[in-house]
1. For the range 133-144, enumerate the residues that are closer than 19 Å to Arg184 by Cβ and either open to solvent by 50 Å² or more (accessible area, probe 1.4 Å) or more than 19 Å from the chain's Cα centre (by Cα) (or both).
2. Taking Ala201, is it of a type in the set (A, V, I, L, M), more than 23 Å from Val101 (Cβ to Cβ), touching a Leu at 6+ places or on another chain (Cβ under 7 Å) and touching a residue at least 12 places away in the same chain (Cβ under 8 Å)?
3. Is at least one residue of the range 267-288 within 14 Å of the chain's Cα centre (by Cα) and either open to solvent by 90 Å² or more (accessible area, probe 1.4 Å) or of a type in the set (Phe, Trp, Tyr) (or both)?
4. Would you check if there is a residue in the range 304-327 being surrounded by fewer than 17 Cβ atoms within 10 Å (Cβ to Cβ), touching an Asp or Glu at 6+ places or on another chain (Cβ under 7 Å) and touching a residue at least 40 places away in the same chain (Cβ under 8 Å)?
5. Can you name the residue in the range 38-81 that is of a type in the set (A, V, I, L, M) and under 15 Å from the mean Cα position of the chain (by Cα) and is also farthest from Asp287 (Cα to Cα) among such residues?
6. Take the residues in the range 153-207 that are among the small types (Gly, Ala, Ser) and open to solvent by 10 Å² or more (accessible area, probe 1.4 Å), then tell me which one is farthest from Glu326 (Cα to Cα).
7. Tell me, please, whether a residue that is free of Cβ contacts under 8 Å to residues at least 60 places away in the same chain, part of a helix (DSSP H, G or I) and surrounded by fewer than 15 Cβ atoms within 10 Å (Cβ to Cβ) can be found in the range 118-127.
8. Tell me the residue from Thr22, Thr52 that is surrounded by 12 or more Cβ atoms within 10 Å (Cβ to Cβ), farther than 20 Å from Ala293 by Cβ, in contact (Cβ under 8 Å) with a residue 24 or more places away in the chain and of a type in the set (S, T, N, Q), please.
Amino acid sequence: MPEQLELTAVADPSAEHRQLFTSLYGYRHACADTRELLDRADVDAVFVCTPTAFHAELVHAAAAAGKHLFCEKPLAMSHTEARGMLEAVRRAGVKAQIGLVLRFSAIYTVMRDLVRAAVVGEPIAVVFRDDQVFPIRGVHHTAWRKDRRLSAGGTLIEHGVHDLDPLTWFFGPIARLRAWLQNRTGHPGIEDYVAVELEFASGLRAQLLNLWHDMIQRPSNRRLEIFCRRGFYASDHDMVGDVVVQVGDGEESRLSAGQVLERFEALLGRADTRFRDWYAVPYLLQDLEFVEALLAERDPMPGLEVGVEAQRLAEAVYRAAETGEEVEVGPPP
């Protein structure tokens, strides 16, 4: 995006990391202190990509400095903290986006569209499994997610918010839930297994499983199965891949990865085809949404309010697991 976007400055307390970012990505300036970056007149917007414990401080500071911002998930260490961040952004009048990247997944956008087809009837059951190697090694180069002082919790809040969000995006508000969690790795306050039984306002029931394991060669993986009255859809992919389809009395078939991307492109409806190669990479599309929203002076999506709601749902899950009782959730306040 020549003459529209410039990588101006990066802030990190580590000199090694500052050097890495400037050499790899071409930032013109590197700061040891975030305040120095936020004081720069040539910075219009910032990405907050720190451990979760620092999100609130940085979002408040960026909003106070008049900088638009993108904040990684989960938004905060608690729902109360997340609500305060949203209020700060609204008071400052800046634009903000939350990093719930599956909103930009070709697979899930297409599956969501398929489920809405009248011919298959209403959804009647959903099974969603999300497993990942404990994110402290391999492609995850730092170990902060095992430290409860830096992390909002374990697999549910630090990873599973990616699942709670698309479930409500697909099926609407959650009415009530039950949950169970375990901590087998022994890091205090960091659960590595969560199972959730959800009932939506529509009456639909879903099962969600979040799991951190210790198999470094197994890639981060999701499987989503959706049964409708007259249809079935499933995929073992969350970015790009094929989708199993069965409608009515017909045989099971598959949409290939190429067909999924073709449908996704049609659903996006973008007249500008410069970024077609990005459609299989949701992380690039979410960043593009943020930049294009700022250039067009509109609010980016999903906004921080979506992150606040994901945080509220996660806290309801933790409360249900702690009490062993069904928890009433209700629609977003």
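1. Selection gives Arg137, Gly138, Ala143.
2. When the stated conditions are applied, Ala201 does not pass them.
3. yes
4. No, every residue in the range 304-327 fails to be surrounded by fewer than 17 Cβ atoms within 10 Å (Cβ to Cβ), touching an Asp or Glu at 6+ places or on another chain (Cβ under 7 Å) and touching a residue at least 40 places away in the same chain (Cβ under 8 Å).
5. Ranking the candidates gives Ala76 first.
6. Gly186
7. Yes, because at least one residue in the range 118-127 is free of Cβ contacts under 8 Å to residues at least 60 places away in the same chain, part of a helix (DSSP H, G or I) and surrounded by fewer than 15 Cβ atoms within 10 Å (Cβ to Cβ).
8. Thr52
The values are calculated or read from the model by the stated rules, or taken from the named source; none is laboratory data. Just so you know, these numbers come straight off a predicted model, no measurement behind them. Here the Cβ is made from the backbone with ideal geometry for all residues, glycine too, and neighbour counts use every protein chain on show. Side chains included, ligands, DNA and RNA excluded: accessible areas come from the protein's heavy atoms. Shrake-Rupley method; radii C 1.70, N 1.55, O 1.52, S 1.80 Å.
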